[in-house]
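Readers should treat all values here as calculations from the given coordinates under stated rules, not as data from a laboratory. Bear in mind that the values here come from a model prediction, so they are computed numbers and not experimental data. With ideal geometry, Cβ positions are generated from the backbone for all residues, glycine too; neighbour counts draw on all protein chains shown.
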Amino acid sequence: MALYREGSRDAFEELFARHHRKVINFCIRMTGDQARAEEAAQEVFLRIARAAAAYEPTAKFTTWMYTIARRTTLNFIRDEKGEGERLDAPTGNGEETFSRAARLPGPDSLTPEYIAWSSQLREKFAEALRALPETHRAAFVLNRGEGLSYEEVAAVMGVTVQAVKSRIFRAREMLLDRLSGLIG
Amino acid sequence: MECREIREIVSAYVDGEAHAAEVRAVEDHLGACPACRSLAGTMRVLGDGVGKIEGKVPPGFRDALFDRLEREDLLPRRRSLFAFAVRWTAVPLAAAAALALFILTARETGKGPASPPETLPRVAQGLPGGESHVSAGPGATSGSSASVPPVAGTAPSAGGTGPVDSRLSAESSRFAAEADGGARGLSAEEREIVAYLELLEDPSSLDEPGEVDEMDLFEPAAGRRGSPG
């Protein structure tokens with residue numbers, strides 16, 4: 001990034017090569033649509049190029065990149081506000097949801113190795129993920145999808161680690177509520 | 001700890017983000033609660049599901065992006081081959097030019113007025129005695145000057161401008177010229193030394209045909225070089 005700021009085209013080519021797939025994956029996990037994800041990803045790189053002068057070398061580049069990516073996808077999501085079904089954040093303590101989960105087949109049937117991620121299941125999961133509130137979705141996607149730690153997610157989203165922990169837990173509650181009939 | 005209290009910690013536990021004390025509490029609870037153990041598995045599956053969603057990178061994605069970046073002047077353009085060649089050859093060329101200039105000026109400096117004059121001993125020049133380090137006079141000795149080694153076989157002769165001296169002069173001049181051409185960068189003194197070294201190697205080259213080597217005078221007449229017998 002520092003080389004790009006000094007005018008190196010090759011440096012930007014390298015940045016793009018390293019990170020474009022991550023950006024596209026993040027965008028599709030947040031928008032749920034391939035065309036929107038491509039458009040959002042283009043916009044993310046344009047914003048990175050425009051904001052290069054503001055990049056602080058002391059900050060981790062991926063943290064900065066995902067901050068830009070999250071703000072960009074947020075704009076795309078707001079544009080489609082009102083389309084499709086949205087899940088509200090749970091008001092209760094999720095007791096019913098997790099009690100239902102506890103009645104699902106035993107632990108062996110819910111191990112990752114056992115679950116067969118068919119195209120139908122993936123599609124349903126993507127729909128359920130897209131239906132989450134943006135704040136919960138972003139926290140869950142950044143941690144589980146992009147591999148950022150809770151601390152890094154907190155830095156990207158500008159919240160505390162405890163807030164990230166709660167949002168990810170709530171995201172799981174809502175997803176399970178929507179998918180309990182399919183998982184298990 | 002009750003199930004509903006520990007579920008949020010279980011969520012952090014399956015993500016590898018629980019503190020040490022929380023890990024102990026969760027593992028103790030999961031060991032005793034099959035329902036929460038099942039729940040932990042379900043939470044892990046939900047996390048894995050995010051990774052199953054992947055986008056496609058269309059073929060023209062990069063080109064479209066870079067075109068747009070160039071239009072907005074956000075991407076440095078590739079330097080031309082000419083600029084690349086100038087950039088990467090200018091320094092070596094300049095260094096080579098400086099080295100050549102240094103060598104040329106060093107050679108010029110060697111021939112300039114500030115350098116010691118290129119003078120061979122007078123005897124080598126075929127000139128009469130005087131300032132010559134090797135005096136042509138009979139009283140002169142070869143050790144009169146430390147800078148000029150005595151030429152073997154050429155004792156100071158009575159006549160400084162005799163055939164030996166002129167031949168020596170010619171040979172020395174020739175050797176000096178060869179040394180000058182073949183040993184670039186030598187000072188005048190060094191060229192002089194080289195010339196005399198050549199003579200030392202083959203002093204008989206100074207002999208005129210038929211001339212008798214003084215050392216042969218002690219040998220029988222039949223063995224004298226150049227002697228008619």
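Counting only other chains, and only Cβ atoms inside 10 Å, what mean value do you get across the residues of A:143-152?
The shielding value for this peptide is 3.
Given contacts defined as C-alpha pairs under 8 Å and at least six residues apart, what's the relative contact order of segment B:1-73, whole-number percent?
Numbers: 24 pairs, mean separation 19.1, N = 73.
Relative contact order for segment B:1-73 comes out at 26 percent.
If we count other beta carbons within 10 Å of each Cβ, what is the order of A:His20, A:His136, fewest first?
Fewest-to-most ranking of A:His20, A:His136: A:His20, A:His136.
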